[in-house]
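What follows is a short report on a single structure.
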Amino acid sequence: MSKQKIIPIGPYHPLQEEPEYFKLYCEGEKVVDVEWETGYNHRGIEKLAEEKTFEQVFFLVERICGICSTSHPFAFANSLEEISKVEIPDRAKYIRCIIGELERIHSHLLWVGLAGHFLGYDTVFMWAWKYREPVLDLFEIISGNRNSYAMFTAGGVRRDIEQSKFAKIRQDLSELKKKVDLLTGAVMDDPVIHARTKNVGVMTREDIIDYAALGPTARASGVAIDVRKDDPYAAYGSLDWNVITAEEGDVFAKAKVRLLEMYESIKIIEQSLEKMEKIPEGDILTTIWEIPEGIGMGHAEAPRGEVFHFVKTDGTNSPVRHKIRAPSYMNIATFKKSCVGQTISDAAISLAAVDPCYCCTERMAVACDHTSGKQILDGEALIKRSQDKTREIKNKVK
Amino acid sequence: MDNKKFTAEIKEKFADKIIEYQQHNDLRLTFAIQPEALFECARVFMKEKQFRFIIASGLHSREGFEIFYHFSNDSSGHVINLHVMLPHEQPTVDSLSELMSAAEWIEREIHELLGINFKGHPNLVPLISEGNWPEGTYPYRKDFKS
């Protein structure tokens with residue numbers, strides 16, 4: 001009789017937001033190697049972009065990611081404006097910042113919810129997602145859509161945010177701040193969350209540099225990189241806010257960085273609104289008549305890290321080459337460092353800690369074994385193990 | 001980072017290896033270099049200058065295959081490119097994966113989509129297709145008909 005047990009669920013299954021496929025090679029409970037396969041979601045967007053006009057490409061790249069849908073148009077706009085050497089109107093700069101930061105808030109809230117779910121805190125999951133709703137409602141008020149806002153275009157933005165909406169935005173943000181306080185308090189003070197996330201999935205500074213990891217993943221390991229500060233675009237250079245970092249590099253540090261970043265985002269939006277009050281409505285677009293031949297390297301800080309767009313143009317109305325690099329492309333590869341040596345029950349949260357976004361990169365399932373019989377676990381079993389561990393710790397704490 | 005000082009230093013180090021230097025604006029520079037100098041040049045960027053590797057963009061043009069290696073100097077906001085031009089027939093260039101793990105995936109991807117070989121890559125297997133594309137099919141080449 002063979003000991004092998006294979007439960008093939010996935011690569012499409014609802015562990016996280018999207019299709020994904022990791023292979024965890026285990027010896028007993030310990031993960032000894034991680035392998036990653038990707039591909040089901042490759043949509044050939046870079047190739048497709050070469051067949052579309054610049055105007056159309058904005059809508060195309062907005063569909064790369066469902067969660068951070070504005071970060072790609074943001075980086076693409078930056079690269080086109082770099083090629084055509086155009087300065088966009090101030091009001092458009094502030095609107096871009098507002099959209100970018102609202103998106104960061106809802107993306108981080110989404111992650112906090114998912115992280116709670118992985119750890120067996122389904123209340124955190126439900127509350128975090130509930131608090132995320134008003135942010136999506138704000139998007140609907142501003143752009144007419146909860147997601148894929150189609151706000152960006154080369155030379156500015158497509159819609160203005162009218163002064164009459166400011167009061168509502170401010171009120172919702174102050175409500176949101178209270179909720180973020182609540183979530184931050186819950187995470188920072190809970191001994192069980194500490195036990196489950198501290199010293200788990202640790203990434204050192206050297207690992208971050210070797211894998212060129214980005215965003216909160218890098219900042220949680222003490223690497224203070226943030227494109228908004230390093231190479232300021234839109235209005236970020238003229239606003240007062242801080243880059244949040246932590247030194248530990250574990251899952252807890254990553255959670256802390258994301259939670260505290262939401263306060264900075266709120267600060268940025270409030271300042272942008274204040275500055276916008278002094279600029280007359282309507283001046284939101286510099287018309288770009290033609291995009292000359294050249295190359296543009298635009299980047300933008302998405303919730304997960306730097307999004308990078310390389311555009312080569314030849315003077316026609318479509319890009320010759322459009323290379324897109326999403327942050328998860330660099331961050332996911334760090335699993336080799338953060339998961340190896342962990343127990344299987346810690347693997348789920350370590351994998352989730354970088355807030356992997358697979359539309360940009362891609363899928364998961366879980367396999368086991370190395371030396372003994374094969375045992376392939378699926379994503380649900382993996383989450384269950386993680387949740388069971390939390391339950392055990394909770395019982396001990398009681 | 002002072003552009004003049006930096007370019008002078010790089011030009012001195014790799015004098016005969018630099019084909020062309022271009023400054024797109026204050027924060028965007030491109031060095032077109034001989035492919036054989038790529039590894040050493042990247043090593044200087046990564047290890048001596050502490051630049052961050054952003055990504056590499058491969059493209060197919062009339063002249064051959066081009067790769068732009070994008071590096072970022074996070075302390076000053078510069079994006080510095082290394083550009084190599086490879087021939088149509090058997091395009092090959094040194095792998096940077098020995099220098100940093102970050103280059104492994106993108107080299108696999110470029111190998112798969114454009115058919116460029118990376119010498120010294122530890123695991124040059126397909127990243128996207130799982131090997132289920134017909135051999136010799138490179139979708140990002142300009143002659144590929146979709």
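A short reminder: the numbers here are calculations on the coordinates, not readings from a lab. All figures in this text were calculated on a predicted structure; none of them were measured in a lab. Note: ideal-geometry Cβ built from the backbone for every residue, glycine included; neighbour counts use all protein chains shown.
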Distance-filtered residues of region A:289-303 - backbone nitrogen under 17 Å, label point 7 angstrom along A:Asp314 Cα→Cβ: A:291-296
Please work out the FRET efficiency for the pair A:Glu35 and A:Ile279, using the Cβ-Cβ distance as r and a Förster radius of 35 Å; give the result to the nearest 0.05. 0.10
Among A:Glu62, B:Glu20, B:Glu135, what is the fewest-to-most ranking by other Cβ atoms within 10 Å? B:Glu135, B:Glu20, A:Glu62
Ordering of B:76-84, B:117-125 by packing [mean C-beta count within 10 Å, highest first]: B:76-84, B:117-125
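Pairs to check: A:Lys337/A:Lys394; A:Lys254/A:Lys389; A:Lys93/A:Lys267; A:Lys267/B:Lys4; A:Lys267/B:Lys47. Give those whose C-alpha atoms are more than 26 Å from each other in this structure.
Details: A:Lys337/A:Lys394 28 Å; A:Lys254/A:Lys389 20 Å; A:Lys93/A:Lys267 16 Å; A:Lys267/B:Lys4 37 Å; A:Lys267/B:Lys47 36 Å.
Cα-Cα > 26 Å for A:Lys337/A:Lys394; A:Lys267/B:Lys4; A:Lys267/B:Lys47; rest within.
Report the FRET efficiency, 1/(1 + (r/R0)^6), for A:Phe59 and B:Ser129, where r is their Cβ-Cβ distance and R0 is 22 Å, rounded to 0.05.
Values: r = 27 Å, r/R0 = 1.20.
The computed FRET efficiency comes out at 0.25.
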Shielding by partners, peptide B:52-62 (average Cβ within 10 angstrom, other chains): 6
Let me know the mean shielding of B:71-78 by other chains, meaning the per-residue number of their Cβ atoms within 10 Å of its Cβ. 5
Among A:Ile193, A:Pro89, A:Ile393, whose Cα sits farthest toward the positive end of the charge dipole of chain A (+1 at Cβ of Lys/Arg, -1 at Cβ of Asp/Glu, about the Cα centre)? A:Ile393
Inside 10 Å of the C-beta atoms of B:95-102, what's the mean count of C-beta atoms belonging to other chains? 3
Please compute the length gained on full extension between B:Ser75 and B:Glu89, using 0.36 nm multiplied by the number of residues separating them and subtracting their Cα-Cα distance. 1.1 nm
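If you rank A:Lys130, B:Lys5 by fewest surrounding Cβ atoms within 10 Å, what's the result?
Arranged by neighbour count, lowest to highest, A:Lys130, B:Lys5 become B:Lys5, A:Lys130.
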Provide the gained length on full extension for the span A:Asp189 to A:Glu206, in nm with one decimal, where the gain is 0.36 nm per separating residue minus the Cα-Cα distance. 3.2 nm
With point charges of +1 on the Cβ of Lys and Arg and -1 on the Cβ of Asp and Glu, referenced to the Cα centre of the protein assembly as shown, which listed residue (B:His83, A:Ile268, B:Ala42) lies farthest in the positive direction of the dipole? A:Ile268
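Could you size up the charge dipole of region A:197-343 around its Cα centre, putting +1 on the beta carbon of Lys and Arg and -1 on that of Asp and Glu, and report it in debye to the nearest 20?
Details: 18 positive and 22 negative charges, 131 e Å.
Value, rounded to 20: 640 debye.
If the only charges are +1 at each Lys and Arg Cβ and -1 at each Asp and Glu Cβ, what is the size of the charge dipole of region B:3-93 around the Cα centre, to the nearest 20 debye? Mind showing how you got there, number by number?
Details: 11 positive and 12 negative charges, 65 e Å.
It comes to approximately 320 debye.
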Nearest 10 degrees, 0 to 90: what angle lies between the long axis of helix B:3-13 and the longest principal axis of chain B (Cα atoms)? 70
Checking the a/c ratio against 1.5 first, then a/b against b/c, what shape does the Cα gyration tensor give for the protein assembly as shown? oblate
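Can you sort A:Lys275, A:Lys254 by how many other beta carbons sit within 10 Å, fewest first?
A:Lys275, A:Lys254
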Just order A:49-56, A:307-314, A:88-95 by mean Cβ neighbour count inside 10 Å, highest at the front, would you? A:307-314, A:88-95, A:49-56
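Can you give the charge dipole size of the protein assembly as shown about its Cα centre, rounded to the nearest 20 debye, using +1 on the beta carbon of Lys and Arg and -1 on the beta carbon of Asp and Glu? The partial results should precede the final answer.
On the way: 68 positive and 82 negative charges, 238 e Å.
Dipole magnitude for the protein assembly as shown comes out near 1140 debye.
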Per the Kirkwood formula on distinct C-alpha pairs, the Rh of region B:3-93 is how many angstrom? 13.4
Positive end of the charge dipole of chain A (Lys, Arg +1 and Asp, Glu -1 on Cβ, about the Cα centre): tell me which of A:Gln171, A:Ile67, A:Ser338 has its Cα farthest that way. A:Ser338
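For region A:272-334, state which GluC sites (Glu not before Pro) are in a DSSP loop and have at most 15 other beta carbons lying within 10 Å of their beta carbon.
Numbers: sites: A:Glu274, A:Glu277, A:Glu281, A:Glu290, A:Glu293, A:Glu301, A:Glu306; in loops: A:Glu277, A:Glu281, A:Glu290.
Hits after loop and neighbour filter: A:Glu277, A:Glu281, A:Glu290.
Please find the FRET efficiency linking A:Val86 to A:Lys165, where r is the Cβ-Cβ separation and R0 is fixed at 25 Å, and quote it to the nearest 0.05. It would help to have the intermediate numbers written out before the result.
Values: r = 27 Å, r/R0 = 1.08.
FRET efficiency, A:Val86 to A:Lys165: 0.40.
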Residue-span extension gain [B:Asp16 to B:Lys119] - 0.36 nm each, minus C-alpha spacing: 34.8 nm
How many angstrom lie between the C-alpha centres of region B:108-122 and region A:127-142? 43
